[in-house]
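Visitor: Just dropping this structure here.
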Amino acid sequence: MLVSGAGTNLQALLHACTDPAYGARVVAVGADRDGIEALARAERAGVPTFVQRVTGHRTRQEWDAALTASCRQHDPDLVVLAGFMKLAGSAFLDAFGGRCVNTHPALSPSFPGMAGPAEALAYGVKVTGATLFLVDEGVDTGPIVAQTTVPVEDDDDVATLHERIKVAERAMLVATVGRMAREGFTITDRKVRFGT
Ligand code: GAR
């Protein structure tokens, strides 16, 4: 898993993986920054961690190659981005394209980018949610694996709305990653289906 922040999605997956019937385990957690709660959560769970900072490399491409190499060392079947606040580069996509998912706190294709909850609130939508998608070269544009919805309440601010989204998002992530691991999946003309 790749993370940048609080790691509540990571925590939900770590918890799910304690049940052998879940069918997956987190082999490593990587981040683009130190000192985040997500890394502390991984360490408390005994999961190996690594950090690759963009500023620790001469170019973005070198960072992308280093991140890719760090992920490869753990030989993941699936890479899960949860609150990872960087765009994957071409080396990463060459290695993990088609088997890397990201969770976005909006209903794609609406409100891509870093401010999904704020933009949904500002637009005045009545329903928003979260989207799990396969990472491609765009910003939150890849084939959709799952979506979940929540209402927008009249008195919401960005924090209350994002928190409601995150509760639904964690359940979606756990349910969907489990199915991907247990059942496999196919991607045909952007349509993602479980099973092989
Ligand atoms: C999640 O809501 C995730 O969708 C969002 O950051 C939050 C991370 O929460 N990701 C993005 O906005 C990516 N552009 P967490 O660290 O508690 O799992």
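Visitor: With label points built 7 Å along Cα→Cβ from the Cα atoms of VAL158 and VAL125, find their separation and express it in nm.
Guide: About 1.6 nm separates the two model spin labels.
Visitor: Also: For the chain, what does the alpha-carbon gyration tensor say about shape, rounded, prolate or oblate, given a ≥ b ≥ c as the root eigenvalues, a/c under 1.5 as rounded, and a/b over b/c as prolate?
Guide: Verdict is rounded for the chain.
Visitor: Relative to the longest principal Cα axis of the chain, at what angle does helix 158-183 sit, 0 to 90 degrees, rounded to 10?
Guide: Taking Cα atoms only, the helix is inclined about 50 degrees.
Visitor: For the stretch 24-82, which trypsin sites (Lys or Arg not before Pro) are in a loop by DSSP, counting at most 15 other Cβ atoms within 10 Å?
Guide: Working: sites: ARG25, ARG33, ARG41, ARG44, ARG53, ARG58, ARG60, ARG72; in loops: ARG25, ARG33, ARG53, ARG58.
Listed in order of number, the matching sites are ARG25, ARG53, ARG58.
Visitor: Consider all pairwise Cα distances in the stretch 1-58 and report the whole-number % of them above 12 Å.
Guide: Here the long-distance tail beyond 12 Å is 63 percent of all Cα pairs in the stretch 1-58.
Visitor: Classify the stretch 1-100: rounded, prolate or oblate, from the alpha-carbon gyration tensor (a ≥ b ≥ c, eigenvalue square roots; a/c under 1.5 rounded; otherwise prolate if a/b is larger than b/c)? Let's see the in-between values first.
Guide: Working: a/c = 2.17, a/b = 1.43, b/c = 1.52.
Oblate.
Visitor: Rounded, prolate or oblate: pick one for the stretch 31-79, where a ≥ b ≥ c are the square roots of the eigenvalues of its C-alpha gyration tensor, a/c under 1.5 means rounded, and failing that, prolate if a/b is larger than b/c, else oblate.
Guide: Oblate is the answer for the stretch 31-79, as a/c is 1.5 or above yet b/c matches or exceeds a/b.
Visitor: I'd like the orientation of helix 60-73 relative to the chain: the angle between its Cα long axis and the longest Cα principal axis, in ° from 0 to 90, rounded to 10.
Guide: 70
Visitor: Find out how many positive minus negative residues lie around LEU87, taking Lys and Arg as positive, Asp and Glu as negative, among other residues whose Cβ is under 13 Å from that of LEU87.
Guide: Details: positive: ARG60, LYS86; negative: ASP32, ASP64, ASP136, GLU137, ASP140.
Value of the local net charge: -3.
Visitor: Follow-up. Based on DSSP H runs of at least 4 residues, each adding -39500 (n - 2.57), what is the mean residue ellipticity at 222 nm of the chain after dividing by all its residues, to the nearest 500 deg cm²/dmol?
Guide: -11500 deg cm²/dmol
Visitor: Choose one answer from ASP64, ASP77, ASP32: the residue with the largest mean-square fluctuation in a GNM of the chain with alpha-carbon springs under 10 Å.
Guide: Highest fluctuation among the options: ASP77.
Visitor: What is the antiparallel percent of DSSP beta bridges lying wholly in the chain, to the nearest 5?
Guide: Here the antiparallel bridges make up roughly 60 percent for the chain.
Visitor: Ordered by packing density, taken as the mean number of other Cβ atoms within 10 Å over each peptide's residues, highest first, how do 181-188, 129-136 rank? Walk me through the intermediate numbers first.
Guide: Working: 181-188: 13.0, 129-136: 23.5.
Highest mean packing first, the order is 129-136, 181-188.
None of the figures in this text is laboratory data; all of them are computed from the coordinates on show. As the structure is a computational prediction, the values presented were derived from the model and not from experiment. Cβ sites come from the backbone with ideal geometry, for glycine too, and all protein chains shown count toward neighbours.
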